[in-house]
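Read the structure below first, then the notes.
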Amino acid sequence: MKILVVGKGGREHALVRALSESASKPELFCFPGSEAIFELAKPVDADGLHSLVGWMLGQGIDLCVAGEESYLVKEEGLANLCEAAGIPCWGPKKEAAQLEASKEFAKIFMQRHGIPTGWAKATETLEEAREAIGGVYPTVLKFDGLAAGKGVAVCADEASAEEFLHEVCTERRFGAGRVLVEECLVGPEVSVFAAVSGPEYVIFTPARDYKRIGEGDAGPNTGGMGAVASRVLVEPELMERIEREIVQPTVAGLEKDGLGYRGFLYFGLMLTAEGPKIIEYNCRFGDPECQAVMPLVSGDLAAFCLEGAKGSLDAGRLTFDEGWSVCVILASAGYPASSRNGDVIRGLEKVEGARVYHSGTKRQEGAWATNGGRVLAVVAGGASREEAVEKAHAEAAKVDFEGSLRRGDVGRMHFE
Ligand code: AMP
Ligand code: GLY
């Protein structure tokens, strides 16, 4: 079986590694990939989606796995182009990927299918947004488009709301687009992942990520500074409720709307006092949640995704470890406002009994060096959360580079 994975970050490194460990032992390729990923998957000579699909046809690729979301909505859409070429794709078509690409589309979808979520209003102008906020704080403002994780602001007061609206509506920081004014939901957050193939779904191990840069959730939002995953993160009764009230109606809604979803679907949830509510969908696995979840999955992920891409899911192909997994991110100095490249990474060879996934690294004079904001993910498992936490931090502490940033409370905050 020949599989191409699309993407280049730590999530794709974890996906490629999990696929490489699949019982069916696929031959792997990655586009655009990274030097670390190329240790497990061959690079692809392509430039743009059309040339990529042409390359897949030429190579006889059996399955395309979409890691990163941007390709799903670029040009005609990765999955659409794969379908036209007769190549199974594990990732949704452009029409369905609007669930992530457009916050307004997702909100209308949730409302139409009776899926619990916060109140929201789409606004066109600064004045309309102010009116929708109506002086009620905190409020949540969202740019209606892909904004690399920077398009959401939870505003505690008028000053921060005005600042965000100014950036979006006046400076057009993310380009043209509407702003969604949303009710601010309160409660613990949890990320639930499902593999979806038409009307069928399989729920993976849930996770919780650490979005802010600083310990105790201080400072600005990032792509994610760590994650913790375990089956027992969510109580069984609550998971049943999430499945009944959110996952099932979403999958049924996708079918009803003729969107024919295939791929991983990420439910960003808030566990409010009134019950679980959905904040957002992402049409992919989470990053860094994927790095935490994948080590808990064994069996044949490659065969599972291939069958899913062709229209059926066999949960029996996979086994989910009952333990805990903790992922600690090492980020480069200045992240998330900026990042540094070219700092030599030391100590990787000392890491034992933990997995290291590369998010932003490059080879430099025979050594690994930083090449981006998030640099590495160090992931350790354990029968208990404490065991996994201690191990992940102990191993992450062995790795270092100039100005490296790590949250010491990953796996601890929210639990202790
Ligand atoms: P998103 O890009 O939609 O995932 O939003 C990023 C983060 O903003 C989420 O993980 C939440 O922490 C927060 N957030 C988004 N929407 C809401 C909401 N309606 N209420 C409270 N917090 C939210
Ligand atoms: N960790 C959050 C995300 O992948 O969107």
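The values are calculated or read from the model by the stated rules, or taken from the named source; none is laboratory data. In this text the structure is predicted, and so the values were computed from the model without any measurement. Every residue, glycine as well, gets a Cβ built from its backbone with ideal geometry; the counts of neighbours run over all protein chains shown.
Set side by side, the residues E307, E255, E289 differ, and just one is surrounded by fewer than 18 Cβ atoms within 10 Å (Cβ to Cβ) and not basic (K, R), which is E255. Among the residues in the stretch 355-369, are any over 23 Å from the mean Cα position of the chain (by Cα), small (G, A, S), buried (at least 17 other Cβ atoms within 10 Å of the Cβ) and not in a helix (DSSP H, G or I)? Looking for residues that are over 23 Å from the mean Cα position of the chain (by Cα), small (G, A, S), buried (at least 17 other Cβ atoms within 10 Å of the Cβ) and not in a helix (DSSP H, G or I), one finds at least one in the stretch 355-369, hence yes. Among the residues making up the stretch 1-24, a single one is without any contact (Cβ under 8 Å) to a residue 40 or more places away in the chain and more than 20 Å from A227 (Cβ to Cβ): S20. The set of residues in the stretch 82-124 that are among the β-branched types (V, I, T) and either crowded, with 17+ Cβ neighbours inside 10 Å or within 16 Å of ligand 2 (Cβ to nearest atom) (or both) comprises I87, I115, T117, T123. Against the definition (of a type in the set (G, A, S), more than 30 Å from L306 (Cα to Cα) and within 12 Å of ligand 1 (Cβ to nearest atom)), how does G151 come out, yes or no? Judged against the criteria, G151 is a match.
Listed here are the residues, each with its yes/no results for (1) closer than 17 Å to A229 by Cβ; (2) assigned to a loop (DSSP other than H, G, I, E, B); (3) in contact with a Leu (Cβ under 9 Å, 6 or more places away or on another chain); (4) modelled with pLDDT of 95 or more.
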position: G316; (1), (2), (3), (4): no, no, no, yes
position: I329; (1), (2), (3), (4): yes, no, yes, yes
position: V375; (1), (2), (3), (4): no, no, yes, yes
position: E390; (1), (2), (3), (4): yes, no, no, yes
position: F415; (1), (2), (3), (4): yes, yes, no, no
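If you go through the stretch 315-342 and keep only what is farther than 23 Å from R212 by Cα and either in contact (Cβ under 8 Å) with a residue 40 or more places away in the chain or surrounded by fewer than 14 Cβ atoms within 10 Å (Cβ to Cβ) (or both), you end up with A315, G316, L318, T319, F320, D321, E322, G323, G342.
Among the residues of the stretch 152-159, is any within 18 Å of R284 (Cβ to Cβ) and in contact (Cβ under 8 Å) with a residue 12 or more places away in the chain?
The answer is yes, given that some residue of the stretch 152-159 is within 18 Å of R284 (Cβ to Cβ) and in contact (Cβ under 8 Å) with a residue 12 or more places away in the chain.
Give the stretch 114-144 a look and list any residue that's assigned to a loop (DSSP other than H, G, I, E, B) and either on the phi < 0 side of the Ramachandran plot or touching an Asp or Glu at 6+ places or on another chain (Cβ under 7 Å) (or both), or say none.
Within the stretch 114-144, I115, P116, G118, W119, E124, T125, V136, Y137, P138, D144 qualify.
Condition check for P220 on (1) at pLDDT below 95; (2) over 28 Å from S404 (Cβ atoms); (3) within 22 Å of the chain's Cα centre (by Cα): one failure, at (2). From the list V190, V202, the lone residue that is modelled with pLDDT of 95 or more, away from ligand 1 (no atom under 13 Å from the Cβ), in a strand (DSSP E or B) and within 19 Å of the chain's Cα centre (by Cα) is V202. Somewhere in the stretch 260-270, is a residue away from ligand 1 (no atom under 16 Å from the Cβ), within 24 Å of G118 (Cβ to Cβ) and not polar (S, T, N, Q)? Scanning the stretch 260-270 turns up at least one residue that is away from ligand 1 (no atom under 16 Å from the Cβ), within 24 Å of G118 (Cβ to Cβ) and not polar (S, T, N, Q). Determine whether D209 is surrounded by fewer than 24 Cβ atoms within 10 Å (Cβ to Cβ), acidic (D, E) and within 16 Å of ligand 2 (Cβ to nearest atom). So D209 does not fit the description; no.
For the stretch 269-297, name all the residues that are within 11 Å of ligand 2 (Cβ to nearest atom) and over 20 Å from G223 (Cβ atoms). The answer is none; no residue qualifies. In the stretch 205-234, the residues that are at positive phi reach residues that are of a type in the set (S, T, Y) and within 12 Å of ligand 2 (Cβ to nearest atom) with C-beta atoms within less than 8 angstrom, at least six apart or across chains, in these pairs: D217/Y210; G224/Y210; G226/Y210. Close contacts from the stretch 164-189, counting a first residue that is at positive phi and a second that is away from ligand 2 (no atom under 16 Å from the Cβ), with Cβ to Cβ under 6 Å and a gap of 6+ residues or different chains, come to G177/D144; G187/L271; G187/T272.
With respect to F109, is the statement that it is in a helix (DSSP H, G or I) and touching a Cys at 6+ places or on another chain (Cβ under 9 Å) true? Spelling it out, it is not the case that F109 is in a helix (DSSP H, G or I) and touching a Cys at 6+ places or on another chain (Cβ under 9 Å).
In the set (1) touching a helix residue (DSSP H, G or I) at 6+ places or on another chain (Cβ under 8 Å); (2) within 12 Å of ligand 1 (Cβ to nearest atom), the condition left unmet by K107 is number (1).
The residue pairs whose first member lies in the stretch 266-294 and is closer than 16 Å to M110 by Cα, whose second member is within 8 Å of ligand 2 (Cβ to nearest atom) and outside any strand (DSSP E or B), and whose beta carbons are closer than 8 Å, counting only pairs six or more residues apart or on different chains, are Y266/R284; Y266/F285; Y266/G286; Y266/E289.
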